[in-house]
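What follows is one structure encoded as structure tokens, with my remarks underneath.
Any read-out appearing in this document is the output of simple, stated calculations on the displayed coordinates, not a laboratory observation. These numbers were taken from a predicted model, which means no experiment stands behind them. So basically every Cβ, Gly included, is an ideal-geometry build from the backbone, and we count neighbours across all protein chains shown.
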Amino acid sequence: MEPVEYQLMDQAEDGMWWYRALHARILDALRGTSGRVLDAGCGTGGLLARLRANPALQLHGLEYEANAARRAASKSGAAVVQGSVNTLPFADASFAAVVSADVLCHTAVDPQAALAEFHRVLAPGGLLVLNLPAFQWMMSAHDIQVHTARRTTTAALARDLAAAGFAQPRPRYWNSLLFPLMVLQRKVISRPGKAALAKAALRKADTNGGETVSDVAAFPPLLDATFHALTALERRLPIPFPAGGSVLATARKPPA
């Protein structure tokens, strides 16, 4: 990602509605898990800090950007190393669970190689939890800013997981109640055509107050609370949604 995005993430991930909603869903997926857990692509450590409340988990992180890796270790107290998800610096079958949130979509990531690495480092029967942005047609200037190369669907992610040797793939859309607002903002109000996306790709993030195209920002408190309440309501609804802003999937490495 652009360096400024790590700064924005670090400032926002403890309080912004989207991060809180994402972390809550990942915590749901990890319920009942114990032992060594890897956050592959941990950014500045917000999820690891949330997971620290569970004493049954031995937390490890991996982050490509050196400064972000140091910040993640400081924020979470987890064992964080610098490296790439394409070639994980961990032993075979060394984790009970691997979590990777909005990482396989990045330009520098080879999704097939990363999934193969996740499979390799998971113990037999181990749990994989993935989150990815949904629908290629929802590509925006923010995606360019954070170096998103691809967005996915539940069907495509299920195929990718099965092809990588995972069993019981269960991908589901979420952030569905707010999805119409996302479409309105990105495809009607902002109207980002090819020219706009190309311009965003060339624009340099200015950490001294210049223009940025990030969606990560402080929301007005009432709006933030409303959006978070809608994601919390959606989490309690026992129905699958046909679309959403993100896809969250779980899968298992088959038992030996």
If each residue of separation counts as 0.36 nm, what is the full-extension length gain between ALA24 and LEU237 once their alpha-carbon separation is subtracted?
75.2 nm
How tilted is helix 17-29 with respect to the longest principal axis of the chain? Cα atoms for both, answer in degrees (0 to 90, nearest 10).
20 degrees
What is the chain's relative contact order, in percent, from Cα pairs under 8 angstrom and six or more apart in sequence?
23 percent
0 to 90° range, to nearest 10: angle between helix 66-76 axis and the chain longest Cα axis:
70 degrees
For ALA93 and ARG70 in one chain, what is 0.36 nm times their gap in residues minus the Cα-Cα distance, to one decimal in nm?
5.7 nm
In what sequence, highest mean first, do 89-96, 247-254 appear when ranked by Cβ atoms within 10 angstrom?
247-254, 89-96
DSSP beta bridges in the chain: the antiparallel percent, rounded to 5, is 45 percent
So how tilted is helix 111-121 from the main axis of the chain? Cα-based, degrees 0 to 90, rounded to 10.
30 degrees
What are the extents of the Cα atoms of segment 3-252 along their three principal axes, in Å, largest first?
48, 42, 34
Dipole size in debye (nearest 20) for segment 3-252 around its Cα centre, Lys and Arg Cβ +1, Asp and Glu Cβ -1?
520 debye
Compute for segment 1-95: radius of gyration divided by Kirkwood radius, i.e. Rg/Rh, restricted to C-alpha atoms, rounded to two decimals.
0.95
Taking H placed 1.01 Å from N in the peptide plane, check which residues at least 5 places from HIS106 or on another chain put their amide H under 5 Å from its amide H.
ALA149
